[in-house]
Amino acid sequence: MAGKLTDEQIEKNKEMVDNMIDLMPEPRRSKMMEMFEGMIGMEFYTAPASTRENYHACFPGGLCDHTIRVTQNLHDIAKVLAPNKFKTSTLNFVGIVHDLGKCGDGVQPFYKILQGQSTLWRRQRGELYETNKELVYMPTSDRTIFVLNRYGIYMTDEEFQAVRISDGQYAKTNVEYSMQETDLALLLHFADRWACTQEKQSE
Ligand SMILES: [Fe+2]
């Protein structure tokens, strides 16, 4: 569900993600679990998905909530448009990791509470978080790939492309992939984009 989350809902979302990871083949399953046991996991379950309330899922736990919605959309769309083409574990994997770069780099978080302003100021303007300027700059999808690499989680070429261009043509850096997208990349992008629309409609 979109909107502010209770501790119970955050815990329920954590269980859902754990269950999806559990279906992944080894060694991916173990490596994903190892990654989520550390700083990345902590951020994944509690971070927002954006910095401002007029973006999407800008509340504690928003990133995980958004990720689950994307993964569910991906299953729904794939069932209709590409039935039996992708394994459940593949859809779970690209859905879960597509915004992983928003968790930071495994050492430092990506999102921080906006500093230097009062809670009232932040609430009135809807500017609740800022991105961590101490991280070496890279687009979020590149940081996702960096983090997966740091934890030794390898991807197929199709998975790599889908994760790399999950923002579709909204990201200038994806223009070279235009008309070269695999089915998985197209489905993941639309699942992500549709989740944003769902979240905006329900907040
Ligand atoms: Fe996303």
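Rule-based calculations on the coordinates, nothing more; no lab input. The shown structure was predicted, so the numbers you read here are calculated from the model rather than taken from an experiment. Counting neighbours? That spans all protein chains shown, and the Cβs are built from the backbone with ideal geometry, glycine included.
Things to note:
- Residues that are under 24 Å from LEU135 (Cα atoms) and either touching a strand residue (DSSP E or B) at 6+ places or on another chain (Cβ under 8 Å) or β-branched (Val, Ile, Thr) (or both) within the stretch 64-102 comprise THR67, VAL94, ILE96, VAL97, LYS102, listed in sequence order.
- Candidates in the stretch 100-120 are the residues that are of a type in the set (A, V, I, L, M) and assigned to a helix (DSSP H, G or I); of these, the one that is farthest from MET155 (Cα to Cα) is LEU120.
- Contact map, the stretch 146-161: residues that are closer than 18 Å to MET35 by Cα paired with residues that are among the basic types (Lys, Arg), Cβ distance under 6 Å, separation 6+ or inter-chain. Pairs shown: TYR151/LYS31; GLY152/LYS31; ILE153/LYS31.
- The residue pairs whose first member lies in the stretch 98-126 and is closer than 25 Å to LEU184 by Cβ and away from the ligand (no atom under 16 Å from the Cβ), whose second member is in a helix (DSSP H, G or I) and of a type outside the set (Ser, Thr, Tyr), and whose beta carbons are closer than 6 Å, counting only pairs six or more residues apart or on different chains, do not exist in this structure.
- A single entry from GLU181, GLU130, GLU199, GLU203 fulfils the requirement of being within 13 Å of the ligand (Cβ to nearest atom) and among the charged types (D, E, K, R): GLU199.
- When LEU81, LEU5 are checked against the criterion of being in contact (Cβ under 8 Å) with a residue 60 or more places away in the chain, more than 16 Å from the ligand (Cβ to nearest atom) and over 18 Å from ARG193 (Cβ atoms), LEU5 stands alone in meeting it.
- Failed item in (1) without any contact (Cβ under 8 Å) to a residue 40 or more places away in the chain; (2) surrounded by fewer than 17 Cβ atoms within 10 Å (Cβ to Cβ); (3) on the phi < 0 side of the Ramachandran plot, with HIS189 passing the rest: (2)
- Restricting the search to helices (runs of 4 or more DSSP H) fully inside the stretch 31-99 and requiring at least 1 residues that are under 18 Å from LYS4 (Cβ atoms) and over 15 Å from the mean Cα position of the chain (by Cα) gives an empty result.
- Residues (surrounded by 15 or more Cβ atoms within 10 Å (Cβ to Cβ), within 15 Å of the ligand (Cβ to nearest atom) and under 15 Å from ASP192 (Cα atoms)) located in the stretch 145-175: ALA162, VAL163, ARG164, ILE165, SER166, ASP167, GLY168, ALA171
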